């Protein structure tokens, strides 16, 4: 009996702590410390660099940015904002429409399409741009095929300019809306739509007044993700001839040695992005979107019209072709001999050497191993802090809640180039937050960048799931004697598992394919896969670059498959 006494004391102490009104501060204090050390402090260092000159504080850099003598920076800012807003709109239309069709209707080809609809997730931004360039660029396969087929002097069409960037953004980013909207649609209470129908509301009015408002948390989360990724876009504007975007201006300033101007551009871009974050958060906070249902969801409706069935089959076939073409062209070119593909429609000489090198040449394999290591390390930290932060924000009340919400999303509001600039400014010299070490040039700087960048992914996805979960379920567990930790593990986590998994999947995939921050802070020993692809591409080694890209796609598809199995297992155990 005496041997068991310490355990009882420990349990009582923990129980008292979890019931205390100060427990939430125990929960969020590590997160505040992390945000202070790796978000606020680096951003502060960048801001100091933008305003402190040789003679003290000065606004000279900001005067140059907004000056009338050179409008390059203002044009770049407008172009970045314009592309980002249009990308949010197009991705929302495609992603939410696809989610609604997949979750509400049963039609021929739905199962195949539901698998392939996540294919763009397997295309990291750099690889996606690469495949679209080979397919639809001015020297791409499809424009050249039309040129040869109709004996034209030049290609009849090609993706270029802002339109090309938006098309690539839409294809590679609509999955953010699809994943979050599909998870939200599964949890919608059908009685709400039935009540609206019984009161005489038409289909369009139900969409506008019932369905879309209930999807608001998911749509806001997705809008933030797409807007921030678009603002950070570097390779798509570069490939499609958009000369001035903010990320390109920052990169040029750093490579030209104008570190003060790079810091100024980073600060201004951060202010614009954070303003969008605050606007979205204000809009979401206007209403309560909690679902009061207890696990009831809408069943899929089978199409009965013959015309609708045939039309769905045709559209599904077209959809499969569109979704698979970018990957198929990468596979094709990955077998081509470097330097042999010039003006032909498709490569004329093929080899297996690129794939042999991937697994036999240590220099070729090293970037792959680096990306896997760094992404897993960063994602593990994201899960730990992201889920705790989401629970604290949705389920508890404390002073500084609004500030914490903004601070968590700030890393996503900062494009990859800005995050890299901030980390360079903060950790090029030893300080207390780097444990008195110089982090630039070490292994840990890239996982730290990925952790900072992708923390909001798990936070937002988990928050959206918790917002739709009825608090009374957790309260019922507590009333039956479960302590906080038990109810969190056995009630909250299983019910929010789809949101946690979706965020984890996005974070891991983003880490494996991250390029924009990596290009500024990698070293020769920590070169990630995305930078290796970029270097091969600019060395005109297209076959090698595509072989890297195909392997990257296989890694990401493996992650998708494993996560799907885990989700199915959870669903089965719940039943």
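The values are calculated or read from the model by the stated rules, or taken from the named source; none is laboratory data. All values reported here derive from a predicted model rather than from experimental measurement. Positions of Cβ are generated from backbone atoms using ideal geometry, with glycine treated the same way; all protein chains shown enter the neighbour counts.
The set of residues from segment 149-179 being free of Cβ contacts under 8 Å to residues at least 24 places away in the same chain and outside any helix (DSSP H, G or I) comprises 150, 151, 152, 153, 154, 155, 156, 157, 158. Report the residue count in segment 157-182 for those that are surrounded by fewer than 18 Cβ atoms within 10 Å (Cβ to Cβ) and at pLDDT below 85. Of the residues in segment 157-182, 1 are surrounded by fewer than 18 Cβ atoms within 10 Å (Cβ to Cβ) and at pLDDT below 85.
Yes/no per residue for (1) part of a loop (DSSP other than H, G, I, E, B); (2) at pLDDT 85 or above:
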residue	(1), (2)
78	no, yes
81	no, yes
128	no, no
144	no, yes
188	yes, no
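In the condition set (1) in contact with a helix residue (DSSP H, G or I) (Cβ under 6 Å, 6 or more places away or on another chain); (2) surrounded by fewer than 20 Cβ atoms within 10 Å (Cβ to Cβ); (3) within 28 Å of residue 161 (Cβ to Cβ), residue 243 is compliant with all but (1).
Does at least one position in segment 239-259 carry a residue that is modelled with pLDDT of 75 or more, farther than 27 Å from residue 537 by Cα and part of a helix (DSSP H, G or I)? The answer is yes, given that some residue of segment 239-259 is modelled with pLDDT of 75 or more, farther than 27 Å from residue 537 by Cα and part of a helix (DSSP H, G or I). Just checking: which of the helices (runs of 4 or more DSSP H) contained wholly in segment 486-559 hold 2 or more residues that are over 21 Å from the mean Cα position of the chain (by Cα) and within 27 Å of residue 445 (Cβ to Cβ)? Of the helices (runs of 4 or more DSSP H) lying wholly inside segment 486-559, those with at least 2 residues that are over 21 Å from the mean Cα position of the chain (by Cα) and within 27 Å of residue 445 (Cβ to Cβ) span 529-538. In summary, residue 381 fulfils each of the numbered conditions (1) closer than 25 Å to residue 259 by Cα; (2) surrounded by fewer than 24 Cβ atoms within 10 Å (Cβ to Cβ); (3) touching a residue at least 40 places away in the same chain (Cβ under 8 Å) with the single exception of condition (1).
Using the structure shown, decide if residue 501 is surrounded by fewer than 24 Cβ atoms within 10 Å (Cβ to Cβ), at pLDDT below 85 and closer than 23 Å to residue 176 by Cβ. When the stated conditions are applied, residue 501 passes them.
Which ranges mark the helices (runs of 4 or more DSSP H) fully within segment 353-437 that have 3 or more residues being more than 18 Å from residue 527 (Cα to Cα) and under 18 Å from the mean Cα position of the chain (by Cα)?
The helices (runs of 4 or more DSSP H) meeting that bar are 362-395, 401-413.
When 52, 94 are screened for being touching a residue at least 12 places away in the same chain (Cβ under 8 Å), under 30 Å from residue 272 (Cβ atoms) and surrounded by fewer than 20 Cβ atoms within 10 Å (Cβ to Cβ), only 94 passes.
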